[in-house]
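Here is the structure we will look at.
The values are calculated or read from the model by the stated rules, or taken from the named source; none is laboratory data. What you see is a predicted model, and the numbers here were worked out from it, not measured in a lab. A quick note on method: Cβ atoms are made from the backbone with ideal geometry, for glycine too, and the neighbour counts reach across all protein chains shown.
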């Protein structure tokens, strides 16, 4: 079974969300998500300042299998992108939870993450999908 850290929240689209001390959110793809994509060869990230709507595509992850869009699990303003991933996309494959894609400032972190899945709920979802 995939690694599912208990302190994170999860979206149906296999993204994870970590709330930072300042209220911003870090967003990345889950271990299951990176396994499904395969070896990543490039990552396209948005520019800081971009306003994202919930479920809006904000990144493209290209692997040896295909290219996949990553949709925002919550709405907000991109405050920072993980620029080093542009040169080392394989870091997501080796450390999915240490390799955040963007940092986002939601209007309310508590409200934004309330509808996301807990680790236990996400594990149940993975089990149902055969992950």
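Given the condition part of a loop (DSSP other than H, G, I, E, B), touching a helix residue (DSSP H, G or I) at 6+ places or on another chain (Cβ under 6 Å) and touching a residue at least 60 places away in the same chain (Cβ under 8 Å), answer yes or no: does some residue in the range 24-37 qualify? Within the range 24-37 (the criterion being part of a loop (DSSP other than H, G, I, E, B), touching a helix residue (DSSP H, G or I) at 6+ places or on another chain (Cβ under 6 Å) and touching a residue at least 60 places away in the same chain (Cβ under 8 Å)), the answer is no, since none of the residues qualifies. Would you mind stating whether residue 77 is surrounded by 15 or more Cβ atoms within 10 Å (Cβ to Cβ) and either in a loop (DSSP other than H, G, I, E, B) or on the phi < 0 side of the Ramachandran plot (or both)? The answer is yes for residue 77.
Can you tell me which residue in the range 8-23 is farthest from the chain's Cα centre (by Cα), limited to those that are touching a residue at least 40 places away in the same chain (Cβ under 8 Å) and under 17 Å from residue 78 (Cβ atoms)? Only one residue tops the list, namely 23. Every listed requirement among (1) part of a loop (DSSP other than H, G, I, E, B); (2) free of Cβ contacts under 8 Å to residues at least 60 places away in the same chain is met by residue 58 save one, (1). Evaluate the following for residue 8: is it at pLDDT 95 or above, in contact with a helix residue (DSSP H, G or I) (Cβ under 7 Å, 6 or more places away or on another chain) and either crowded, with 17+ Cβ neighbours inside 10 Å or within 28 Å of residue 120 (Cα to Cα) (or both)? For residue 8, the condition - at pLDDT 95 or above, in contact with a helix residue (DSSP H, G or I) (Cβ under 7 Å, 6 or more places away or on another chain) and either crowded, with 17+ Cβ neighbours inside 10 Å or within 28 Å of residue 120 (Cα to Cα) (or both) - is met. Of all the listed residues (73, 84, 106), the sole one being within 18 Å of residue 48 (Cβ to Cβ) and touching a residue at least 60 places away in the same chain (Cβ under 8 Å) is 106. Among residues belonging to the range 109-128 that are in contact (Cβ under 8 Å) with a residue 40 or more places away in the chain and assigned to a loop (DSSP other than H, G, I, E, B), point out the one that is surrounded by the fewest Cβ atoms within 10 Å (Cβ to Cβ). The selected residue is 118. Set side by side, the residues 19, 15, 30 differ, and just one is surrounded by 15 or more Cβ atoms within 10 Å (Cβ to Cβ), under 22 Å from residue 118 (Cα atoms), touching a strand residue (DSSP E or B) at 6+ places or on another chain (Cβ under 8 Å) and modelled with pLDDT under 95, which is 19. Of the residues making up the range 87-103, just one is outside any loop (DSSP other than H, G, I, E, B), touching a residue at least 60 places away in the same chain (Cβ under 8 Å) and touching a helix residue (DSSP H, G or I) at 6+ places or on another chain (Cβ under 8 Å), namely 92.
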